[in-house]
Amino acid sequence: MIRLHRSLPAIAFAFGAIAAFSLIDVVATGGFRKRLRGDPPEVVVLGSAIGFLSAGTGVGSAALLADLVGTDVAWALGSLAATALYVIVLAGELMLAARIDPAKARERD
C-alpha cells in the first residue's frame, strides 16, 4: 500500500515540473495566441549535440535548491527550477545551433 505522506514529495516534484512547462507555454505562445514553429532537423540535431548544457543546468539547479531549502518544499522548487532552466537553456542551444548554420537560420526567418 502506498503511504500518501511518503508520496507527497514526488507529487510535489511532478507539480513543480508541470507548473514550469505550463508557464513557459503561456509565455512562449503569448497566452496561447500564436503558434510555435519548429526548427529544421539539422538545427535540432546540432542543438541536441550540445544538450549537456541544458541538462546539467537543470540538474544542478535542483541540487542547489535541495541544499539551500532542505525541506520537502525543495522537491517542488527543484523540479520547477530544473524544468524551467532546462527549457530556457535548450532554447538558447537551439538558437546557437541555428546561428552556427546560417543557411538554416535564414530558412526560419
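Global dimensions of the range 47-94 from alpha-carbon coordinates: Rg and Dmax equal 11.3, 35 Å.
Report, in debye and to the nearest 20, how large the dipole of the range 7-108 comes out about its Cα centre when Lys and Arg carry +1 and Asp and Glu carry -1 on their Cβ.
Details: 8 positive and 8 negative charges, 109 e Å.
My answer is approximately 520 debye.
Two tests apply to each whole DSSP H helix in the chain, Cα reach of 15 Å or more along its axis and mean Kyte-Doolittle hydropathy of at least -1.0, and the ones passing both are 4-28, 52-69, 73-100.
How do 74-84, 9-19, 29-39 rank on mean C-beta neighbours within 10 Å, highest first?
Numbers: 74-84: 22.3, 9-19: 16.2, 29-39: 8.9.
Ranking, from highest mean packing down: 74-84, 9-19, 29-39.
Just so you know, the Cα atoms of the range 7-108 work out to an Rg and Dmax of 15.8, 49 Å.
Multiply the residue gap between Ala55 and Phe21 by 0.36 nm, knock off their C-alpha separation, and tell me the result in nm, one decimal place.
Taking 0.36 nm per residue and subtracting the Cα distance, the gain is 10.7 nm.
No lab work stands behind these numbers, since they all come straight from the coordinates. Predicted model only: the values in this text are computed from it and were never measured. Glycine gets a Cβ as well: all are built from the backbone with ideal geometry, and neighbour counts include every protein chain shown.
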